[in-house]
Amino acid sequence: MLAYIIRRVAQSLLVLLVTGFVAFSMFSFVGDPIDNMLGQERTQADIDRLRGQLGLDQPFVVQYYRFLEQAVQGNFGLSYRQGRPVSDILMERLPATLELAFVSGFLALAGGIGLGIFTAIRKRGVSANAIMTVSLIGVSLPTFLIGIVLIYVFSVEMGLLPSFGRGEVVRIGGWTTGFLTESGLKALILPAITLGLYQMTLIMRLVRTEMLEVLRMDYIRFARARGIRERSVNFRHALKNTLVPVITITGLQLGSIIAFAIITETVFQWPGVGLLFINAIQFVDIPVMAAYLMMISVMFVGINLIVDLLYFAIDPRLRVDRTAAGGH
Amino acid sequence: MAQNEIPRAPSRFARARNSDLYYSFTRTPVAIVSAAVVIVLVLAALLAPLIAPHNPFDPGTLNLMNGFTPPGEANAFTGDYFLLGTDDQGRDVFSTMLYGMRISLFVGFSAVMLAMVVGVVLGLLAGYLGGWVESTIMRIADIQLTFPAILVAMLIFGIAKGITPPAYRDQMAIWVLILAIGLSDWVQFARVVRGATLVEKNREYVQAARLVGRAKFSIMIRHILPNVLNPVLVIATISLALAIIAEATLSFLGVGAPPTRPSLGTLIRIGQEFMFSGEWWILLFPAGTLLALALSINLLGDWLRDALNPKLR
């Protein structure tokens, strides 16, 4: 088990090193930032001064080493477009994305597990079938179209909810939150649904499949034969075993919520890191792109690692199997 | 016809008609309807220059006075009639949609082709050669799988955009898109092909081919490849739907097809701006087309997966 954990951590570090190299290569191979930063009326002296300031006159290896050293400390230099430290910009934007991801993740989990159980128990019910059909359309519907439809219905037609932005935010230390104001909460509803809906359908379909599988097992039939109440069979006996695979897949989905936030944030002009990343791509703002890439890979790798280790904690059978198969 | 005549080998067409796949197709209404939708849309896109009443890329035929004509009504100033209305620049929505679909489908098909070729080749190499080739390829695949495909595609697009000189960016955007989506999606193919190759390479026919001294690459391509194509076909169909959606998403986000050569995603991006002012048709028709296209290709893929894999039934 310990060997597995060590191997898994080493693998995560490798992923981070590779993404770090990708992030760094972007600096070296993509265009000349000086062209982007200085206007038409630049002099050679301006160019040389800025080049020295940004450390672009150093050899490749030195630059790579300096990049790694700085990246570990969370320092990615100045944004080509805004001329401010990238870490400051990211920190400013991060709360918006995390709050959005948190709310939609919660929505996806609660809704997905609830509807999944419902459709599994009422397998032949009319409403369960209707939910399944709607979810099939939901999977094919691109995220941005869901957002547009919601904006059209709730903002344009009904005028109930704001169509863009984050509303008023309250500043607490370095964190800005929209949870405490009415306009902030209102602004959160549509983006959170947009972002959570796709994950919700995925989780729902997964829970349903797993639940149907478990309900076919002998121990469930046995529990029914013993005369245990249906509610107790479904929730105490079946649900527990359903949740093991659900936790892994859901954990991985949480990572993609942060990535898909890019789309939602663009549709709703939500001032988070995703919108920042899209703007960085449009303007080829390499430091911001690199920093975003590193940040998101740390998140992804961290989530993957935790989920893998959690698997062991939840399912004791795996501890035996893995070590036997791995020959340790 | 004489009784003792040797029956002729059935023609390709007859074989196709007698196949299980055809039988399953004729008995799955969903598959027939989705196939019909896909065929109509693909034909409309291919024949766009013949069908489209206007050429949206020729500024000479545009009249700004025609801007914002609602669908099915004559323009208040010029009296011109447009089936699905016009956008802000007076471009016929029906025509831009046909041309946009051409670009969406072209990017989708090419990206899937690229992903398929890269994935199948690497999967075959990994499965058949094993050793360090396999571990390198699969490790790269694992690393890439850590990230959602759309994010990888955005990143590749961003880097490629940085490399191309600004003057060529609009022209190159389509090719960069194909590259980005294709390279973000090869892992699926590689994994499946590698798995199937691992099974196939121990079969007798491969051993026989090895025994008569055929070269490694000839065995991989002539003998193993045809036997691992079924799952590849299924993945390719589902990937096509995903690639079209990915292209639309990237273009919608403004990191895809440029406004001068709009795809469905770009048109939706343009249309979204006018949603608030009540010009719904600029948004609705491209969005509906995209949805119909993606949904029917998805349903076809689902059917194909079930039909080619009897174990699932």
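The values are calculated or read from the model by the stated rules, or taken from the named source; none is laboratory data. What you are looking at is a predicted structure, and each value in this text was computed from that prediction instead of being measured. Positions of Cβ are backbone-derived with ideal geometry, glycine not excepted, and every protein chain shown enters the neighbour counts. What goes into the accessible areas is simple: the full protein's heavy atoms, side chains included, and nothing from ligands, DNA or RNA. Shrake-Rupley method; radii C 1.70, N 1.55, O 1.52, S 1.80 Å.
Numbers below:
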item: Protection proxy ranking of B:212-225, B:282-295 - average other beta-carbon atoms within 10 Å, highest first; result: B:282-295, B:212-225
item: Residue-averaged beta-carbon neighbours from other chains (10 angstrom radius) around B:154-165; result: 6
item: Using θ = phi - 60° and Karplus 6.51 cos²θ - 1.76 cosθ + 1.60, couplings along the stretch B:159-174 (whole Hz; Gly, Pro as x); result: 5, 4, 5, x, 6, 6, x, x, 5, 9, 4, 5, 5, 7, 3, 4
item: Inter-part distance where the stretch A:1-16 and the stretch B:144-178 are each reduced to a Cα centre, Å; result: 31
item: Residue range of chain A that is longest and free of trypsin sites (Lys or Arg not before Pro) which are both DSSP loop and sparsely packed (at most 13 other C-beta within 10 Å); result: A:230-328
item: Accessible surface ranking that places the most exposed of A:L68, A:L195, A:L180, A:L150 first, with a 1.4 angstrom probe; result: A:L180, A:L68, A:L150, A:L195
item: Mean Kyte hydropathy of 1.0 or more with a Cα span along the axis of at least 20 Å, helices from DSSP in chain A; result: A:2-29, A:86-121, A:126-140, A:239-267, A:286-314
item: Cβ-based net charge around B:P259, under 13 Å, with every Lys or Arg adding one and every Asp or Glu removing one; result: 0
item: Accessible area in square angstrom per residue, the stretch B:104-312, 1.4 angstrom probe; result: 42
item: Helix-only [θ]222 nm of chain B, DSSP H runs n ≥ 4, -39500 (n - 2.57) each, per residue, nearest 500; result: -21500 deg cm²/dmol
item: Residue mean of other protein chain beta carbons inside 10 Å, B:293-300; result: 2
item: Calculated from backbone phi, Karplus (6.51, -1.76, 1.60) coupling profile of the stretch B:126-135 in Hz, x at Gly/Pro; result: 5, x, 7, 7, x, x, 5, 4, 4, 5
item: Rg in Å to one decimal, and Dmax rounded to a whole Å, for the stretch A:103-282 via C-alpha atoms; result: 19.4, 64
item: Lys, Arg +1 and Asp, Glu -1 on Cβ, resulting dipole of chain B about Cα centre, debye, nearest 20; result: 1680
item: Exercise: per-residue mean of other protein chain Cβ atoms within 10 Å, B:133-144; result: 2
item: Reciprocal mean inverse distance between Cα atoms of chain A - Kirkwood radius, Å; result: 23.0
item: 0 to 90° range, to nearest 10: angle between helix B:186-200 axis and chain B longest Cα axis; result: 20
item: Value at 222 nm in deg cm²/dmol, rounded to 500, when DSSP H runs of n ≥ 4 in chain A each add -39,500 (n - 2.57); result: -24500 deg cm²/dmol
item: Where the stretch A:145-278 is the region considered: accessible area per residue in Å², 1.4 Å probe; result: 47
item: Quarter of the Cα convex hull surface for the stretch B:104-312, i.e. its orientation-mean projected area (nm²); result: 14.1
item: In order through the stretch B:259-266: 3J(HN,Hα) via Karplus (6.51 cos²θ - 1.76 cosθ + 1.60), integer Hz, x for Gly, Pro; result: x, 6, 10, x, 9, 4, x, 5
item: Translational D in µm²/s for the stretch A:144-220 (Stokes-Einstein at 37 °C, 0.692 mPa s, Kirkwood Rh from C-alpha pairs); result: 218
item: Where A meets B: accessible area buried, both sides, 1.4 Å probe, Å²; result: 3400
item: Reciprocal mean inverse distance between Cα atoms of the protein assembly as shown - Kirkwood radius, Å; result: 27.6
